[in-house]
There are 2 protein chains.
Amino acid sequence: MHEHAPKSKLELTRNQALVFDALADAGGPLTAYAILDALREEGMRAPLQVYRALTKLMNVGLVHRLESLNAFVVCRHPECSSHETAAFAICETCGQVDEFAPDEAVSLLQSWASDHKFALARTTIELRGECSSCHK
Amino acid sequence: MHEHAPKSKLELTRNQALVFDALADAGGPLTAYAILDALREEGMRAPLQVYRALTKLMNVGLVHRLESLNAFVVCRHPECSSHETAAFAICETCGQVDEFAPDEAVSLLQSWASDHKFALARTTIELRGECSSCHK
DNA sequence: TCTCGAATGTAATATTATAACGCCTCTGAA
DNA sequence: TTCAGAGGCGTTATAATATTACATTCGAGA
Ligand SMILES: [Zn+2]
Ligand SMILES: [Zn+2]
Ligand SMILES: [Zn+2]
Ligand SMILES: [Zn+2]
């Protein structure tokens, strides 16, 4: 679980690479079914094919799931050592997503977990609002 | 939008009160359909009745939505002045949810937003892991 | 009384995600 | 060399979550 090893698309299977490229080309979040529709011509036919590829891509750290959107984005972390603790600013006007690494905020949350004997497995941090381009 | 005024169940309609009580009685998160099933005998028949009540309850600050669970919980904030900035620790073993107010972490996120000219509307912070009771 | 906004009831449908099954391919141990 | 297990694949069906559309009812003011 959470292999986290490669962080490269070298070892991807055909379906995994197709899904990754579709997400990367979109330049923003896509739902699983939007990915499926984008890949009909490449032979992708069933939701499960997409979900399986997404699961793998998330495990190796190439893709994030946006919980508040039920959608997926490629990881934009420079090195993504902190893949499990990324945060996302989601513009509700244009749909753009900005991934960032709120290290101090995450350590405060880790401290809370530690203080409360909560065995933290992963955190979801998502900011909703309007990005600078849209908010003039 | 986001009336945020009452924070009491005094002004609730019948359906809203039924949904609130079902959630409060559960003592933990419930999905909309679980609430519906719990309220069949009280006359609740359609998902939309539940979703409409939940929307209202969230607007007045009595209920939170857990994005990573597609479920809902009653607000446990003492005063809940910071209803929009609550965080949740979700035990993946027993399902228990602990709401807390990570004020310092939230201000760091607000600073990030401010620094990046992102007009922050609301934040989602959810910790997944195992609670102290389960993690022995 | 009138009227407007909120809430309701109901049916139909859309969207998101998983279960269950069998097959194939690779790889490493016997 | 064989063969067992793990992982991936394709397909069908179904489960779980959420919304659209429309008609009706309720309740607090004007
Ligand atoms: Zn990342
Ligand atoms: Zn924008
Ligand atoms: Zn709260
Ligand atoms: Zn627990």
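Things worth noting here:
- When only alpha carbons of the protein assembly as shown are considered, Rg and Dmax amount to 19.8, 60 Å.
- Listed residues A:ALA38, A:SER107, A:LEU62: farthest to the positive end of the dipole of region A:16-136 (Cβ charges): A:ALA38
- Value in Å of the Kirkwood radius, where chain B supplies the Cα pairs that are averaged: 16.0
- Net charge dipole, the protein assembly as shown: roughly 660 debye, given to the nearest 20, about the Cα centre with Cβ charges of +1 for Lys and Arg and -1 for Asp and Glu.
- Net charge contributed by nearby residues that have their C-beta within less than 13 Å of B:LEU30 (K/R +1, D/E -1): -2
- Angle of helix A:14-26 to the longest C-alpha principal axis of chain A, folded into 0 to 90 degrees and rounded to 10: 70°.
- Estimated dipole of region A:9-110 in Debye, rounded to 20 [Cβ of Lys and Arg +1, of Asp and Glu -1, Cα centre]: 500
- For the pair A:ALA26 and B:GLU42, a Förster radius of 35 Å applied to the C-beta separation gives a FRET efficiency near 0.20, rounded to the nearest 0.05.
Every number here is computed from the coordinates shown, using simple stated rules; none is lab data. Every value quoted in this text rests on a predicted model; they were computed, and no experiment measured them. Don't worry about glycine lacking a Cβ; one is built from the backbone with ideal geometry, like all the others, and counts go over all protein chains shown.
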